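Contents: one structure, followed by commentary.
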Amino acid sequence: MKLQSTELHPLVQNYLHELHVLRQLSPHTLKAYRTDLSELQVFAIGDSVELLKVTNAHIRRWAGRLHSKGKSSRTIARALSAWRGWYDWLTEKDARREFYADKVAIKLIANPVDDVKAPKRLQSLPKALSVEQALALVNQAVSEALKKNDLEAIRDAAIIDLLYSSGLRLSELLGIDVTQSKDRQHSSAGWLDWDSAEVTVMGKGGKRRSVPVGGPAMKSLQSWRDMRNATESAKQSLALFISASGVRLSPRTVQARLRTLAIRAGLPTHVHPHMMRHSFASHVLQSSQDLRAVQEMLGHASIASTQIYTSLDFQHLAQAYDKAHPRAKAGKD
């Protein structure tokens, strides 16, 4: 069956129709499928190959062409997934796996996309604030707490100080109780040891870890504890961080408050709670060069998860070199 590059193969059209009617995929997803399958057809026409006679070697060659065009690993993986889905659909449509093109029986022996994988994605570096930006954010929160002296401002300062001081995940932070509790009604996921300046949290995989809390952060936390315990609604909750109504704080509230404070601090990037964790890890590693210690404080099961911060540390060193060395930018002008 000879097709023009702009005319979709009837079986491709049937497949897209089924995705729309039976599987009820979104218009955005359908558009992506159509684009990827159209590209498959363009490759087949360009190489004078019937779509139902495409082999594994063809698919590998065309995936290589996508890569040479500068397509990202994510885009290539999506295309391969769409191609694989269509050929899977073909093999499932008839037990004999026979289809017809120009009234000639075509037997599809196997899915030609099987075992073809996209190039490995380049691991993107986590976004972290610079030391100056992180301090500007913490100082903004502390300054507002001193100025307003209300529940929300003092609580926000304690949260941001603790996030940056101890590198906690948002879920870990919100699971902290004022003190450890274990009875039939409640077992604390996390708690603060106020005397030893240490926070214990429940990390991924149900693993507990204890992390030190810096002096300035403890001061912010103590101010918050005093404010919290003075409110009537606090008596109804064991949670350290509560709302004005006394319930455990929600992730959305922390995200929104952090975003607002970052804007007020003049930070040029969207700041979220996990960015504070990345900043903590990057800055401790810059100062200590102790990868194992950072691994333990972050609660990573594998050192490989922590090693990505060495790349951030190298970026920091490279930036410092560019700023400080008189010959760093030689030849760049």
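Observations, loosely collected:
- Selected residue (criterion: modelled with the lowest pLDDT) from residues of region 160-211 that are within 22 Å of the chain's Cα centre (by Cα) and β-branched (V, I, T): V201
- Filtering region 151-172 for residues that are free of Cβ contacts under 8 Å to residues at least 12 places away in the same chain, outside any helix (DSSP H, G or I) and either buried (at least 18 other Cβ atoms within 10 Å of the Cβ) or assigned by TED's automatic domain parsing to the domain that holds R257 (or both) leaves an empty set.
- Qualifying residue in region 66-82 (condition: over 31 Å from the mean Cα position of the chain (by Cα) and free of Cβ contacts under 8 Å to residues at least 12 places away in the same chain): no
- Near pairs, Cβ below 8 angstrom, 6+ apart or cross-chain, from region 249-262 (in a helix (DSSP H, G or I)) to any residue that is surrounded by fewer than 16 Cβ atoms within 10 Å (Cβ to Cβ): P251/S171; R257/E152; R259/H270; A262/T269; A262/H270
- Flag: S220 matches the condition of being within 15 Å of L163 (Cα to Cα) and either out of contact with any Ser or Thr (no Cβ under 9 Å at 6 or more places or on another chain) or not basic (K, R) (or both).
- Residue list for region 18-36, restricted to those being in contact (Cβ under 8 Å) with a residue 12 or more places away in the chain and over 15 Å from W83 (Cβ atoms): E18, L30
- Matching residues in region 64-98 - criterion: being of a type in the set (K, R) and at pLDDT 90 or above: R78, R84
- Counting only strands (runs of 3 or more DSSP E) wholly contained in region 177-220, no element carries 3 or more residues that are out of contact with any Asp or Glu (no Cβ under 6 Å at 6 or more places or on another chain) and small (G, A, S).
The values are calculated or read from the model by the stated rules, or taken from the named source; none is laboratory data. All values derive from a computational prediction rather than experimental measurement. Note: ideal-geometry Cβ built from the backbone for every residue, glycine included; neighbour counts use all protein chains shown.
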